[in-house]
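The values are calculated or read from the model by the stated rules, or taken from the named source; none is laboratory data. The model shown is predicted, which means the values in this text are computed figures rather than measured ones. Every residue, glycine as well, gets a Cβ built from its backbone with ideal geometry; the counts of neighbours run over all protein chains shown. For accessibility, only protein heavy atoms count, side chains too; no ligands or nucleic acids. Shrake-Rupley method; radii C 1.70, N 1.55, O 1.52, S 1.80 Å.
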Amino acid sequence: MARTAIQLDPNTGPPAPRRRSRVGDRVFKGASATVAVGLLALLALLLGDLAVGGARAFAKFGLGFITGRNWNPVFGREQFGALPFIFGTLVTSAIATVLAVPVSVGLAVLLSEVHSGWLRNPLAVFVDLLAAIPSVVYGLWGLFIMKPVFDHRVEPFLSATVGKVPVVGALFRGNPNGGDLFTAGVILAIMILPTVTAVTREVVATVPRELLEGAQALGATRYETLRMAVLPYSRSGIVGATMLGLGRALGETIAVSLVVGNGLGIGASLFKPGYTIPAVIASEFREATNVGVHRSGLLALAVLLVVIAFVMAALSRLLLRRSVRLMGGSATVAAERAAFQVNG
Amino acid sequence: MSDLNAWFGTNLVLRDVSMTAQPQAVTAVIGPSGCGKSTFIRCLNRMHEEVRGAGASGKVLFDGQDIYGPDVDPVDIRRRIGMVFQRPNPFPTMTVLDNAVAGLKLAGRMTRPELRERGERALRAAGLWEEVKDRLGEPGGKLSGGQQQRLCIARALAVEPEVLLMDEPASALDPASTLRIEELIEELKEEYTVVIVTHNMQQAARVADWTMFLLSGEVVEHGPTRKIFTQPDDKRTEDYVTGRFG
Ligand SMILES: Nc1ncnc2c1ncn2[C@@H]1O[C@H](COP(=O)(O)OP(=O)(O)O)[C@@H](O)[C@H]1O
Ligand SMILES: [Mg+2]
């Protein structure tokens, strides 16, 4: 504090002691400031470029760019409405999150609970390995192996069972053949699982022993200890882990574009082909020229994707801040770290 | 209890400890740091074995039943023997009331009004009711340290255990809160069998009817508190209680 004051107003403060470490401090400060400013500038430049590039599409279609359901890049009949992509991006990411988070939390708890079992290490290594597999491999596997199984077995089964339930059933009705939102969501779930598991495991490891013992001393079983002590304490951290996974799901391109079906429909059924923002950008950028507004349209899509990611990160911050106030502690730190990674 | 041994890995921490805790009385366990007081008290409700690599052998008779018997479920034992820890450990996000009745919720079905009533009774018994009756909905983590510790006592009392174990319950608290806790212990012994660990000899002298002096995992002496503090049989006890070592 005092040092800052001295630097702000060198005439009134006492003479600063000359120590060797001060030089190091200055160099370090300068270096980190440069890097920080540089990163911010880079981010601004990136966003600026995207926005400028997307401006023509936004100008031409206005709000219709977001609410429109038609996407037709053929010159002369150009129509750019991004709603199907926004829809597909949100839906596939939501499926991924809903499927992955419970499994991840379960796995993370299992990994921290199993004291010395032979299962512990292989399982942990396996989960970490999952995270290291390149996404194109997931995509190929999804396309050639998982998709047929889903088309012929999983989806018809769901359709015949859950599909009969009122309201919820609407999600699982329809023709299961071909790529669809559900298959893409499941692939994404598998892809984000390791990340969410790893972060959750860290968070669960920060639950203080006293808290666990408090529950155990009341005669809580392992499961009850989990519910009373572990999960409430880790809640904010799990939100952070979820956001980290969601961030990855929102941006995933290759694997999704291989199995999502590339259709512009918007409906209740998850068994219909869909399209996502990253997928459409990846499949159309090559033929997108500046003759019409096609290229501008894709850049505008990129802007939308960034906005969606920022909104999600902001929401997670809000969620965190609310639960963080209750306790503080290292679970919070782990969560904030996770959220920070999502943000930037 | 007889011939209780306890260890962490290969480190034998308690050696052939035998003692009897009198019902409706306070027994204090004293001894220098690291002598095994916490380990000892944690053996009494089978919490010791929760630490990785830790174990215990011997007999601990509770209502005539050996709690280390082959088909005894530690979870059942812990529901009948309450425990309060050195550091207050309420569940930070649970409300004050939910904290107080957390053990009851585990034990079985009770309606909300029943829970509330039992919660109030426990909070009164822990001498906390007047301070928190308007804050029952606040998170337990927002109370002061002394209040949190009394909340933990309320939590342990709510299930109406037969024995209450306390491991240095006041060592993390300020003098005023410590006094409150000591008064509370005085009241609790009317109904409960209390075993309290303390490294504070004045505290033991103030609250305990019986005192056990533990040194390096062995019982040096166990007897009425007054005798231990005024005319101990063992030279080491005398040295310890007069502050000449430890
Ligand atoms: N979790 C643990 N793991 C291994 N050794 C431990 C652990 N806790 C305590 N010990 C050892 O057991 C001995 C007794 O500890 P403790 O019962 O906590 O003593 P006290 O409560 O009297 O200070 C000490 O020598 C300590 O080093
Ligand atoms: Mg201790």
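Mind counting the residues in the stretch A:188-225 that are facing chain B (nearest Cβ under 9 Å) and touching a Ser or Thr at 6+ places or on another chain (Cβ under 7 Å)?
3
So that you can scan it fast, the table gives a plain yes or no per residue for (1) more than 30 Å from B:P32 (Cβ to Cβ); (2) over 20 Å from the mean Cα position of the chain (by Cα):
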residue: B:R112; (1), (2): yes, yes
residue: B:A125; (1), (2): yes, no
residue: B:P139; (1), (2): yes, yes
residue: B:A158; (1), (2): yes, no
residue: B:T178; (1), (2): no, no
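Examine the stretch A:235-245 for a residue that is open to solvent by less than 20 Å² (accessible area, probe 1.4 Å) and farther than 30 Å from B:P90 by Cα, and state whether such a residue exists.
There is at least one residue in the stretch A:235-245 that is open to solvent by less than 20 Å² (accessible area, probe 1.4 Å) and farther than 30 Å from B:P90 by Cα.
Looking at B:A172, B:A156, B:A176, can you tell me which residue is within 16 Å of ligand 1 (Cβ to nearest atom), touching a helix residue (DSSP H, G or I) at 6+ places or on another chain (Cβ under 8 Å) and closer than 24 Å to B:V96 by Cα?
Step by step, each of B:A172, B:A156, B:A176 is checked, and only B:A172 is within 16 Å of ligand 1 (Cβ to nearest atom), touching a helix residue (DSSP H, G or I) at 6+ places or on another chain (Cβ under 8 Å) and closer than 24 Å to B:V96 by Cα.
How about the stretch A:72-93: which of its residues are within 18 Å of A:A184 (Cβ to Cβ) and of a type in the set (F, W, Y)?
Within the stretch A:72-93, A:F85, A:F87 qualify.
Residues in the stretch A:161-181: is at least one at pLDDT 90 or above and of a type in the set (F, W, Y)?
no
Working only within the stretch B:27-39, note down all residues that are under 27 Å from B:E190 (Cβ atoms) and near ligand 2 (Cβ under 9 Å from one of its atoms).
The answer is B:K37, B:S38.
What tally of residues in the stretch B:220-235 results from selecting those that are part of a helix (DSSP H, G or I), under 22 Å from the mean Cα position of the chain (by Cα) and surrounded by fewer than 18 Cβ atoms within 10 Å (Cβ to Cβ)?
1
A:T289 fails exactly one of the following numbered conditions: (1) away from chain B (no Cβ under 14 Å); (2) touching a residue at least 40 places away in the same chain (Cβ under 8 Å); (3) out of contact with any strand residue (DSSP E or B) (no Cβ under 9 Å at 6 or more places or on another chain). What is the number of that condition?
(2) is the only condition that A:T289 fails.
Determine, yes or no, whether A:F150 is assigned to a helix (DSSP H, G or I) and either closer than 14 Å to A:A108 by Cβ or touching a residue at least 24 places away in the same chain (Cβ under 8 Å) (or both).
Yes, satisfied.
Which of the residues spanning the stretch B:129-159 are buried (at least 18 other Cβ atoms within 10 Å of the Cβ) and more than 13 Å from chain A (Cβ to nearest Cβ)?
B:W129, B:V132, B:G146, B:Q147, B:R150
Given (1) within 16 Å of ligand 1 (Cβ to nearest atom); (2) within 11 Å of chain A (Cβ to nearest Cβ); (3) open to solvent by 40 Å² or more (accessible area, probe 1.4 Å), identify the lone condition not met by B:D73.
Tallying (1) within 16 Å of ligand 1 (Cβ to nearest atom); (2) within 11 Å of chain A (Cβ to nearest Cβ); (3) open to solvent by 40 Å² or more (accessible area, probe 1.4 Å), B:D73 fails exactly one: (1).
Looking at the stretch B:93-108, which of the residues that are closer than 18 Å to B:E138 by Cβ and open to solvent by 30 Å² or more (accessible area, probe 1.4 Å) is nearest to the other protein chains (Cβ to nearest Cβ)?
Step by step, filter the stretch B:93-108, then rank; the result is B:T93.
Could you tell me which numbered condition B:Q86 fails, if it satisfies all but one of (1) under 16 Å from the mean Cα position of the chain (by Cα); (2) farther than 19 Å from A:T225 by Cα; (3) surrounded by 19 or more Cβ atoms within 10 Å (Cβ to Cβ)?
Only one criterion is unmet by B:Q86, namely (3).
How many residues are part of a helix (DSSP H, G or I) and touching a residue at least 12 places away in the same chain (Cβ under 8 Å) if we restrict to the stretch A:208-230?
Qualifying residue count, the stretch A:208-230: 10.
Is there a residue in the stretch B:57-73 that is at positive phi and either basic (K, R) or within 16 Å of ligand 2 (Cβ to nearest atom) (or both)?
no
Would you check which residues across the stretch B:14-26 are surrounded by fewer than 22 Cβ atoms within 10 Å (Cβ to Cβ) and either within 16 Å of ligand 2 (Cβ to nearest atom) or not basic (K, R) (or both) and list them?
Of everything in the stretch B:14-26, those that are surrounded by fewer than 22 Cβ atoms within 10 Å (Cβ to Cβ) and either within 16 Å of ligand 2 (Cβ to nearest atom) or not basic (K, R) (or both) turn out to be B:D16, B:S18, B:M19, B:T20, B:A21, B:Q22, B:P23, B:Q24, B:A25.
Scan the stretch A:267-281 residue by residue and report those that are under 25 Å from A:L50 (Cβ atoms) and open to solvent by 40 Å² or more (accessible area, probe 1.4 Å). Reasoning before the result, please.
From the stretch A:267-281, those under 25 Å from A:L50 (Cβ atoms) are A:274-281; that's our starting set.
Matches in the stretch A:267-281: A:I281 only.
Taking the stated definitions as given, is B:I67 within 14 Å of another protein chain (Cβ to nearest Cβ), open to solvent by less than 20 Å² (accessible area, probe 1.4 Å) and away from ligand 1 (no atom under 16 Å from the Cβ)?
Numbers: within 14 Å of another protein chain (Cβ to nearest Cβ): yes; open to solvent by less than 20 Å² (accessible area, probe 1.4 Å): yes; away from ligand 1 (no atom under 16 Å from the Cβ): yes.
Spelling it out, B:I67 is indeed within 14 Å of another protein chain (Cβ to nearest Cβ), open to solvent by less than 20 Å² (accessible area, probe 1.4 Å) and away from ligand 1 (no atom under 16 Å from the Cβ).
Looking at B:R42, B:R78, which is the one that is buried (at least 21 other Cβ atoms within 10 Å of the Cβ), modelled with pLDDT of 90 or more and away from ligand 2 (no atom under 16 Å from the Cβ)?
Result: B:R78 is the single residue among B:R42, B:R78 that is buried (at least 21 other Cβ atoms within 10 Å of the Cβ), modelled with pLDDT of 90 or more and away from ligand 2 (no atom under 16 Å from the Cβ).
Which residues, taken from the stretch B:135-180, are acidic (D, E) and within 30 Å of B:D63 (Cβ to Cβ)?
B:E160, B:E162, B:D167, B:E168
If you take just the strands (runs of 3 or more DSSP E) that sit entirely in the stretch B:1-62, which of them hold at least 1 residues that are hydrophobic (A, V, I, L, M, F, W, C), more than 16 Å from the chain's Cα centre (by Cα) and within 8 Å of ligand 1 (Cβ to nearest atom)?
Here the list reads B:2-8, B:11-17, B:54-59.
Determine, yes or no, whether B:E238 is more than 16 Å from ligand 2 (Cβ to nearest atom), open to solvent by 60 Å² or more (accessible area, probe 1.4 Å) and either in a helix (DSSP H, G or I) or touching a residue at least 40 places away in the same chain (Cβ under 8 Å) (or both).
yes
Residues that are touching a helix residue (DSSP H, G or I) at 6+ places or on another chain (Cβ under 8 Å), within 14 Å of chain B (Cβ to nearest Cβ) and touching a residue at least 24 places away in the same chain (Cβ under 8 Å): does the stretch A:270-280 have at least one?
Among the residues of the stretch A:270-280, not one is touching a helix residue (DSSP H, G or I) at 6+ places or on another chain (Cβ under 8 Å), within 14 Å of chain B (Cβ to nearest Cβ) and touching a residue at least 24 places away in the same chain (Cβ under 8 Å), which makes the answer no.
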